[in-house]
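*Asks:* Attaching a single structure in structure tokens format; questions to follow.
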């Protein structure tokens, strides 16, 4: 099975299945002598882990990272960083029936069509469980960026729209203190205190009805320099799009302003000078890139997730022999899978821009 590695100079390979012994990753291309605070890696995993509130899957995992190689005396060696995260709360019997049929909206059929064999327990390799390895690697990438650039790098995200409920129409209206700090009061990343009660009501109704909803998440990265990205096939925004589309259940991404705005707008991001004669822009409709290369403005975009495919509502599928079957899907599932996606989006963004920074440094140095 190929396609398990992401990146060019900073390369992440993940391994493991949802109900196997463990999942993990190998992060290669990490520069040496970078101090690593493992608590920062663990904090990122804690943000993503399941079972934290009633609106996400009830599966409870500690998601404790175990470093196998690549670190010594608190610093990177420049050798591959290998880490594992044990699976401790599998309930594989929930999935016994999946040996005999394909669930609608899942990778059961396509995995079987490609390999002729699949791990049916929790989706196996196709499970969102695999993304824990990406979150850990993204935390490493974030540390590498801040250490090498010697400046704070802010990467954050929020849930902009849940189902048909759009919390905000302008990203300038995001209440980031509400999104990030009030996790107990706001466990689902809602950007607006006024919208939160309506979202909670929506999620409660979805759980009661055995349904699910999609969502749109907004992301942004601050503090990155101009000049990251390649101008043709490896554009920075193209690689960010690939990173986001590689996340489970993602079906669309827009960099900068949304598709409708981009199609309808008649203006452009104009340039000016700051008081210190540094280059500035009057707007950021393009989302922080021009010709596939970063401008030094915030990198921004939207990611759309489809509704969770596993629900208790009876749906039509097929058996392994091609016979129609009505399927209610049991197990521990999210009414909106995107609610736990914020740290995953931030991790993939960190991995992408860190990879491009290392590529820029290798080719251009301090030019």
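The values are calculated or read from the model by the stated rules, or taken from the named source; none is laboratory data. All values reported here derive from a predicted model rather than from experimental measurement. In this analysis, Cβ positions are derived from the backbone assuming ideal geometry, glycine residues included, and neighbour counts consider all displayed protein chains.
*Asks:* Strands (runs of 3 or more DSSP E) wholly in the stretch 188-277 with at least 2 residues that are within 30 Å of residue 314 (Cα to Cα), touching a strand residue (DSSP E or B) at 6+ places or on another chain (Cβ under 8 Å) and at pLDDT 85 or above - which ones?
*Replies:* 215-222, 250-255
*Asks:* Take the residues in the stretch 63-93 that are in contact with a strand residue (DSSP E or B) (Cβ under 9 Å, 6 or more places away or on another chain) and surrounded by fewer than 14 Cβ atoms within 10 Å (Cβ to Cβ), then tell me which one is modelled with the lowest pLDDT.
*Replies:* 64
*Asks:* Of these, 294, 309, which one is surrounded by 13 or more Cβ atoms within 10 Å (Cβ to Cβ) and more than 30 Å from residue 211 (Cβ to Cβ)?
*Replies:* 294
*Asks:* Here's something else I'd like to know. Would you mind finding the one in 156, 129, 134 that is modelled with pLDDT of 95 or more, crowded, with 22+ Cβ neighbours inside 10 Å and in contact with a helix residue (DSSP H, G or I) (Cβ under 8 Å, 6 or more places away or on another chain)?
*Replies:* Selected residue: 134, the only one of 156, 129, 134 that is modelled with pLDDT of 95 or more, crowded, with 22+ Cβ neighbours inside 10 Å and in contact with a helix residue (DSSP H, G or I) (Cβ under 8 Å, 6 or more places away or on another chain).
*Asks:* Could I ask something else about it? I need a count of the residues in the stretch 13-26 that are touching a helix residue (DSSP H, G or I) at 6+ places or on another chain (Cβ under 8 Å), over 30 Å from residue 181 (Cα atoms) and not in a loop (DSSP other than H, G, I, E, B).
*Replies:* 3
*Asks:* For residues that are under 17 Å from the mean Cα position of the chain (by Cα) and in a loop (DSSP other than H, G, I, E, B), scanning just the stretch 39-53, find the one that is modelled with the lowest pLDDT.
*Replies:* Filtering first and then ranking leaves 50.
The rows are residues; the columns are (1) at pLDDT below 95; (2) over 20 Å from residue 334 (Cβ atoms); (3) buried (at least 21 other Cβ atoms within 10 Å of the Cβ).
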residue	(1), (2), (3)
8	no, yes, no
14	no, yes, no
18	yes, no, yes
22	yes, yes, no
25	no, yes, yes
29	no, yes, no
33	no, yes, no
37	no, yes, no
55	yes, no, no
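*Asks:* Taking residue 186 as meeting all but one of (1) in contact with a helix residue (DSSP H, G or I) (Cβ under 7 Å, 6 or more places away or on another chain); (2) buried (at least 20 other Cβ atoms within 10 Å of the Cβ); (3) touching a residue at least 40 places away in the same chain (Cβ under 8 Å), write down the number of the exception.
*Replies:* Condition not satisfied by residue 186: (3).
*Asks:* Next question. Scan 233, 219 and give me the residue that is within 30 Å of residue 7 (Cβ to Cβ) and free of Cβ contacts under 8 Å to residues at least 12 places away in the same chain.
*Replies:* Selected residue: 233, the only one of 233, 219 that is within 30 Å of residue 7 (Cβ to Cβ) and free of Cβ contacts under 8 Å to residues at least 12 places away in the same chain.
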